[in-house]
Amino acid sequence: MLGHGFYNTHSHEQAKANTYALSMIVEAINRIDLAQIGGEFRIADYGSAQGQNSLLPMKTAITQIRTLDAKAGRATTPISVTHTDLPTNDWSTLFQTVLFSPDSYLAGESDVFCFASGMSIYQQIFPPTHIALGYSAITEHWLSRKPCNIPNEIWSVRATGEVRNTWAAQAQADWHTFLQYRALEMQPSARLIIVGSGADAKSNSGAEGLVDLANQILQQLVKDGTLHQNEYEEMAIPTYYRTAQEWKEPFASQSNFPQGGVLSLGHFEEVTLSDVYLERFQQDGNAQAFAQAYTGFFKAAYEPCLFVNLSDKRTPESRQQVIDLFSQRLQSALAQNPAKYSCRWVLHLMLISKKQK
């Protein structure tokens, strides 16, 4: 993610996705056996990025725990929230957001403690039987690595044949690995909520127009001589958008996933995320604002992983020139036809529990 708070400022679509999980958070906490979790309620926020989009989900969880405390007439339960992401995450912005934002879940609260871990979600992050509630939104479509390049494309959705199979296999392995470690970390009766960026039955994510446009611009930069062919060939965004069937696969009776007997998929729902930028455009008719917003969204999420492939022989000025020219052309094209490039992201909402022995 682009650092220095840029992702926080340009992730409105991701923020909207989080709102779909709020009722699930309340339901999950109501189902957790508080007698089994000990004296502290530990929450893991898997894939926190720069923190802004974690505030409302964490506040919702804390509010519900406090509601249950009051109903039971017991003392306030200490709550710890641990945000996890890659070691290269913009941790300074995350802590500034959590500590100082007026919307922070820490505001006005006592006995709530904030921690962070710079570990990949594809590793074990916590000790066994440690977490009561896990939460992860718009994270698991990011793979642990780029499995291979995609000829003439930058996105796995457009991969075909064996290349597509290679990406699908990596996505399956990563999903299994993620669940394996979460099963280990979860306490008895713990719940794990996933807001997944996925694909419909035709394997479309809902953002094909936007990413196809970005790919066309990159190809034009190659033709112009601004971008080298070998640089473009390495550009593949390391994401994969699972269908409902692919998300559910580890929980199927015929799956070879060993933790299938430990975890249970209690709720699964597919929804389509409304486009906050298009809605704004339909209200004010400002195509330039729409284009600027979507360019910021694209840069925040994908610029680092795309342009990391620029040649080491380039000067810093040359690298920035390529990035700036791409952004300028993307914004210009978006302004020409906002409806064409609007994103209707497919979301998959999951509530996963650890089976009690």
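State which residue is nearest to M24 (Cα to Cα) when the search covers only region 73-97 and only residues that are at pLDDT below 95, touching a helix residue (DSSP H, G or I) at 6+ places or on another chain (Cβ under 8 Å) and not in a loop (DSSP other than H, G, I, E, B).
It comes out as T97.
Could you tell me which of the residues Y135, Y181 is among the hydroxyl-bearing types (S, T, Y), out of contact with any helix residue (DSSP H, G or I) (no Cβ under 8 Å at 6 or more places or on another chain) and closer than 27 Å to L351 by Cα?
None of the other options fit; the residue is Y181.
If you go through region 89-103, how many residues are surrounded by 15 or more Cβ atoms within 10 Å (Cβ to Cβ) and among the hydrophobic types (A, V, I, L, M, F, W, C)?
Residues meeting the conditions: 4.
Pairs under 8 Å by beta carbon, first residue more than 22 Å from T139 (Cβ to Cβ) in region 301-329, partner of a type in the set (A, V, I, L, M) and open to solvent by 10 Å² or more (accessible area, probe 1.4 Å), six or more apart or different chains?
Once the first residue is more than 22 Å from T139 (Cβ to Cβ) and sits in region 301-329, its partners that are of a type in the set (A, V, I, L, M) and open to solvent by 10 Å² or more (accessible area, probe 1.4 Å) give F326/I217; R329/I217.
Here are some conditions: (1) outside any helix (DSSP H, G or I); (2) surrounded by 19 or more Cβ atoms within 10 Å (Cβ to Cβ). T226 meets all but one. Which one does it not meet?
Among (1) outside any helix (DSSP H, G or I); (2) surrounded by 19 or more Cβ atoms within 10 Å (Cβ to Cβ), T226 violates only (2).
Can you tell me which of (1) modelled with pLDDT of 90 or more; (2) over 29 Å from A21 (Cα atoms) is the one Q283 doesn't meet?
Of (1) modelled with pLDDT of 90 or more; (2) over 29 Å from A21 (Cα atoms), only one is false for Q283: (2).
In region 138-148, what residues are part of a loop (DSSP other than H, G, I, E, B) and either among the β-branched types (V, I, T) or within 16 Å of the chain's Cα centre (by Cα) (or both)?
Those that are part of a loop (DSSP other than H, G, I, E, B) and either among the β-branched types (V, I, T) or within 16 Å of the chain's Cα centre (by Cα) (or both): I138, T139, E140, H141, L143, S144, R145.
Within region 66-88, does at least one residue satisfy the condition of being touching a residue at least 24 places away in the same chain (Cβ under 8 Å), within 24 Å of P127 (Cβ to Cβ), among the acidic types (D, E) and open to solvent by less than 10 Å² (accessible area, probe 1.4 Å)?
no
Here is a yes/no grid of residues against (1) in a helix (DSSP H, G or I); (2) without any contact (Cβ under 8 Å) to a residue 60 or more places away in the chain; (3) buried (at least 21 other Cβ atoms within 10 Å of the Cβ):
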| position | (1), (2), (3) |
| --- | --- |
| I150 | no, no, yes |
| H176 | yes, no, no |
| Q180 | yes, no, no |
| L184 | yes, no, no |
| I194 | no, no, yes |
| G209 | yes, no, no |
| D212 | yes, yes, no |
| Q220 | yes, no, no |
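The values are calculated or read from the model by the stated rules, or taken from the named source; none is laboratory data. Note that this is a predicted model, so its numbers are computed, not measured. Please note: Cβ atoms are built from the backbone with ideal geometry, for glycine as well, and neighbour counts cover all protein chains shown. Side chains included, ligands, DNA and RNA excluded: accessible areas come from the protein's heavy atoms. Shrake-Rupley method; radii C 1.70, N 1.55, O 1.52, S 1.80 Å.
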